[in-house]
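Bear in mind that the values in this text are calculations on the coordinates, not laboratory data. Remember, predicted model here, so these are calculated numbers, not experimental data. Heads up, the Cβs are rebuilt from the backbone with ideal geometry, glycines too, and the neighbour counts pull from every protein chain shown.
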Amino acid sequence: MSRCLSYKYLRKIEGGSICCPQSFFFNLFFFFFLYYGFNPKHILSQQKRLQKELLAMQNDPPPGMTLNEKSVQNTITHWIVDMEEHLAHCTKERNFSWLFKFSSRYPFDSPQVMFTGENIPVHPHVYSNVHICLSILTEDWSPAPASVQSVCLSIISMLSSCKEKGRESRRPPDNSFYVRTCNKNPKKTKWWYHDDTC
C-alpha cells in the first residue's frame, strides 16, 4: 500500500556563488521579506482573524473538541485543542491534543499543527515526532474556507478513515529517516501527497 512520504531535496543550495548577497535576486527577496514579513496590516489581520476563530472555538466548537483555555491565557498565537475520547476509536491511543502555532502571516499562511501530549496516534500519516502529513496544512490551505475548526475536522477524518486500525495501524514507512533528518517546523518539509486511501 502506498503511504504518505516526506520528500527531501537531493541538493542544498549553499555558498555565495549561488546566493550572493550582492545579487539582484537576493536584494529583491530581501525587499519582499521586509515588506510582507513586517507589514503592520498583516499583524492586525492576524489578530482580528484569531480573535474571531477563538470566540468560535470557545462558544461553538466542533463536536467532541474543546479549546484548552490555559493555552491562550498568555498568547493568542499558540493554541491547544483537545479531542474527546469517543472520537479516537480509530486508534488504540486516547485523548489526543493538537498544538496550533500561528505566524504573523495568518490566515494567509497556514498554522503549524502538531500533536502534543503523551498520546500520539499510530497512523500512516502521523510521524513519531508528532508531525502530520496532511495537505490542508500546506499546499491545500486557503485563508477563505480554511480555519482551526476545518483543520480539526480534517485530522479527525484522516484518523477515522484509516483502513488499518488498532494494533494493525503503523507509522509512515520513512518514519525513522524523517524523524532523524527533518526540521522541527513541519511546514519546512516538502511533503509528497500521493495517498488518500489510508
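Structure summary
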| read-out | value |
| --- | --- |
| Förster-model FRET efficiency, 41 Å R0, Thr66 and Lys188, C-beta, rounded to 0.05 | 0.90 |
| Gain in span if fully extended, Asp140 to Thr77, counting 0.36 nm per residue against the direct Cα distance | 20.6 nm |
| Karplus-derived HN-Hα couplings along segment 177-193 (A = 6.51, B = -1.76, C = 1.60, θ = phi - 60°), whole Hz, x at Gly and Pro | 5, 4, 4, 6, 10, 7, 7, 5, 8, x, 6, 8, 7, 8, 6, 10, 8 |
| Taking Thr66, Thr116 and counting other C-beta atoms within 10 Å, the order from fewest to most | Thr66, Thr116 |
